[in-house]
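Laboratory data are not the source of any read-out in this text; all were calculated from the coordinates shown. Model, not experiment: these values are computed from the prediction. We place every Cβ from the backbone using ideal geometry, glycine too, and count neighbours over all the protein chains shown.
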Amino acid sequence: MRDLKGIVKTIGPGILFAGAAIGGSHLIQSTRAGADYGYSLIIVILLVNLFKYPFFEFSYRYTSAKNKTLLQGYQELGSWAIWSFLIISIITGIINLAALALGASGLLGYIIGSAVQPLYLSIGLVTLCILILLIGKYPLLDGAMKFMVFMLGIFTTIAFFMSLSVNNSPIEGFNSPEIFERSSILFIIALMGWMPTPIEASVWTSLWSVGRQKQKKYIPTLKESLIDFHIGYIITTVLAVFFLVLGARAMFGTGIGFSSNGTEFSKQLIDIYATLLGNWSKVILAPVAFITIFSSLLTVVDAYPRSITSAIFLSLREKTHETVRLHEILTLSMSAVALIIVSFLIHNLKMMIDLATVISFLAAPVFAVINYKTVTAKDFPDSYRPKLWLKLLAIAGIIFLSGFSFIYLWSLFVL
């Protein structure tokens, strides 16, 4: 009974992780993968989830071992680690925020059938996120995300099993794209960038874990923390496959591709569910899909400024009460820059998403190496060190991520 109470008090950061992952990488990229390539990219999704696994796990391991955030582990490695995180996170944070804001505005525009410009919808949604975070702080974020992930998980699972009875034969003359074509390689890299989510999110989970500890006044064991992590990670992996299957069942071989216009893209996305479940489902599924991508937007609006604020003060080696003020300034300024980007790419959702995901993937090997070094440092407690199999998987993951980054750059400049 005591173990169960501890687990209940611990569960939270893993669900936030799932919420961050499902919006962009699953709802948009996994569905596109199925629609364009059928089942061919399931192995890619499973492999990237496998090879990224250690670097997210290390975040929980470090926080449990030292009762510190992962960023403090970066600080112990040296200023190079903190500054690497800062520079990369500022770039990826703004681009990712812009991409999710545009995606969420497209879904909202579809739901309300409004003539309101996507830019104004994006501004409204980002403003709403900021207000939620300023008023509710961690408890509201935690509670809202659990509800959103639960709702999407239920409906996506129902749609997945109903899709298994659908026989969608390719149209005459349809040719599936070749996996090793330049355009396919570029998309695969984009798919993996946010799959299940950028590796810098490992820093967010450690910050959320500390926030959860303060909220519940309970410090979990490593076992309890990893249960929370595994719940979130398994949910994200399974749903990634489900979304790909939904895209494959409803659109692969039809000769119809996803639109770059956010609202039209959203209509096509919801129509996939309607095809499988019936038109009645649009009334429920459109809001659920919006809630899902909005949950990712809400997470990103919170996580990037929060982690960057912590990194700035750690790099300056200062302890101050001004962190709240800087966090608010960063939240507003990063949101403003992201919305400026949205205004320039307002009619190209797919390009925006691909740009954000590719940048995240190219940054992945850097964060992978840093996370590995934090839990293998000489002063890291022996009882918390990762086992040999996990170290080997991490090394394989670094090679995998670095190798595909090289392939991407080669295909970009050579092919």
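Some points to look at:
- Residue-count net charge about residue 376 - beta-carbon cut-off 11 Å; Lys, Arg +1, Asp, Glu -1: +4
- Couplings 3J(HN,Hα) for region 357-373, derived from phi with the Karplus relation 6.51 cos²θ - 1.76 cosθ + 1.60 (θ = phi - 60°), are 6, 5, 4, 4, 5, 5, 7, 4, x, 5, 5, 4, 5, 4, 4, 4, 5 Hz, where x marks Gly and Pro.
- Cα shape, region 347-415, gyration tensor, a/c 1.5 rule: prolate
- For the chain, adding -39500 (n - 2.57) for each run of n ≥ 4 DSSP H residues and dividing by the number of residues yields -27000 deg cm²/dmol at 222 nm.
- For region 40-45, putting each phi into the Karplus relation 6.51 cos²θ - 1.76 cosθ + 1.60 with θ = phi - 60° gives couplings of 4, 9, 4, 4, 5, 4 Hz, in residue order, rounded to whole numbers and with x for Gly and Pro.
- In this entry, region 177-252 is assigned a mean projected area of 6.9 nm², taken as a quarter of its C-alpha convex hull surface.
- Inter-site label distance for residue 181 and residue 312 at 7 Å from Cα along Cβ, in nm: 4.5 nm
- Database remark: amide H of residue 219 closer than 5 angstrom to no amide H (H placed geometrically; neighbours at sequence offset of 5 or more, or on other chains; Pro and chain starts carry no H).
- Between helix 323-344 and the chain: long-axis angle, C-alpha atoms, 0 to 90°, nearest 10: 20 degrees
- Helix 222-251 and the longest principal axis of the C-alpha atoms of the chain enclose an angle of approximately 10°.
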